[in-house]
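The values are calculated or read from the model by the stated rules, or taken from the named source; none is laboratory data. Owing to the predicted nature of the structure, the values given are computational and were not obtained by experimental measurement. Note that each Cβ is placed from the backbone with ideal geometry, even for glycine, and that neighbours are counted across all protein chains shown.
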Amino acid sequence: MYFDVNGKKVFATTGGKPFDNGLPCVIFLHGSGLDHTFWGLHSRFFAFRKYAVLAPDLPGHSHSEGPPLESIEEIGEWLNDVVETLDINNISVVAHSQGVLNTLEFVSRHPERIRSISLITSGLATPVNPALIEAAENKPEDAVAMMMGWGFGPAGHFHQGPIPGNSMIAGGRKVMLGNVPKELATDFRACDSYRNGKEAAARITGPIQVILAGQDRMAPKKATAELVKHLKNPEVTVIPESGHMLPLEAPNKCRDLLKYFIYTNNPAA
């Protein structure tokens, strides 16, 4: 669906059901250079189980009007504007990669409507190699190739996804090439300059779930350990065989973890 936030057109998928802000809501947040399609399987699962679902494209990404936002702090405030515009309550946030940083800012500043948060494959900070930022700006096909190579574990590289004949890498490449050079490079710079993770994490209370990947080459163990250390009593699960793109590589395991956590902390009628 399309709606306006601060005079700009925003697109979000609702999982195949009309959006109903009277239901408990699951908001899915994508990572750098990606969009709503990253959450296709998960958004439909919750939408058909009495949840409102919102998986927005960040400003400037895919179907949402630009320009892209230049800092994690700006995105956190924009997410609150989305929530206020649609008058959403009883929210479970599910976030991947850069989306985790966006969530830390959003939830730490505006906790009133939040019932649970699920943070997937990220640390408190995500410094980006300058060569990758330069490639995103000037050689975007090279940057996307690096992201796809580093981002996926064995399941992605050997086409072992849950959908027969579907290549996760080809799908990710298509989405990212639609968000270059400006969006991807802007996302990278926002991640690289973010310094407020420890303070934001320390302010978050309530149910927190962290899902990590044993084969993650983009959010290494040291970074994810820092995230876990600064959160209050998170439930932590590691999926050993998965890479950074865990919701795509291990969707069934990821879905089951999300299901039980959200059902428990933000139940639908």
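Reported count of residues in region 219-236, each being part of a loop (DSSP other than H, G, I, E, B) and among the charged types (D, E, K, R), is 1.
If you go through region 154-202 and keep only what is at pLDDT 75 or above, part of a helix (DSSP H, G or I), of a type in the set (Gly, Ala, Ser) and farther than 25 Å from ASN102 by Cα, you end up with just ALA170. Here ILE262 meets each of (1) farther than 30 Å from ASN21 by Cβ; (2) surrounded by 21 or more Cβ atoms within 10 Å (Cβ to Cβ) with one exception, condition (1). Within the option set ARG203, ARG217, ARG255, being surrounded by fewer than 18 Cβ atoms within 10 Å (Cβ to Cβ), under 26 Å from LYS50 (Cβ atoms) and of a type in the set (Lys, Arg) holds for one residue only, ARG255. When both residues are 6+ apart or on different chains and their Cβ atoms are under 7 Å apart, which pairs have a first residue that lies in region 98-116 and is free of Cβ contacts under 8 Å to residues at least 40 places away in the same chain and under 22 Å from TYR263 (Cα atoms), and a second that is part of a strand (DSSP E or B) and not basic (Lys, Arg)? Listed pairs, sorted by first residue: ARG113/ILE91.
Could you list, in sequence order, the residues of region 13-33 that are in contact with a Leu (Cβ under 9 Å, 6 or more places away or on another chain) and either surrounded by 22 or more Cβ atoms within 10 Å (Cβ to Cβ) or at pLDDT below 95 (or both)? Those that are in contact with a Leu (Cβ under 9 Å, 6 or more places away or on another chain) and either surrounded by 22 or more Cβ atoms within 10 Å (Cβ to Cβ) or at pLDDT below 95 (or both): THR13, GLY15, CYS25, VAL26, ILE27, PHE28, LEU29, HIS30, SER32, GLY33. Answer yes if at least one residue in region 61-78 is in a helix (DSSP H, G or I), in contact with a His (Cβ under 9 Å, 6 or more places away or on another chain) and either within 17 Å of VAL100 (Cβ to Cβ) or of a type in the set (Lys, Arg) (or both), and no otherwise. Yes, region 61-78 has at least one match. Among residues of region 21-47 that are in a loop (DSSP other than H, G, I, E, B), those with a beta-carbon under 8 Å from a residue that is of a type in the set (Phe, Trp, Tyr) at least six positions away or on a different chain give the pairs LEU23/TYR51; PRO24/TYR51; HIS30/PHE38; HIS30/TRP39; GLY31/PHE38; SER32/PHE188. May I ask you to list the residues in region 225-242 that are modelled with pLDDT of 95 or more and of a type in the set (S, T, N, Q)? Matches in region 225-242: ASN233, THR237.
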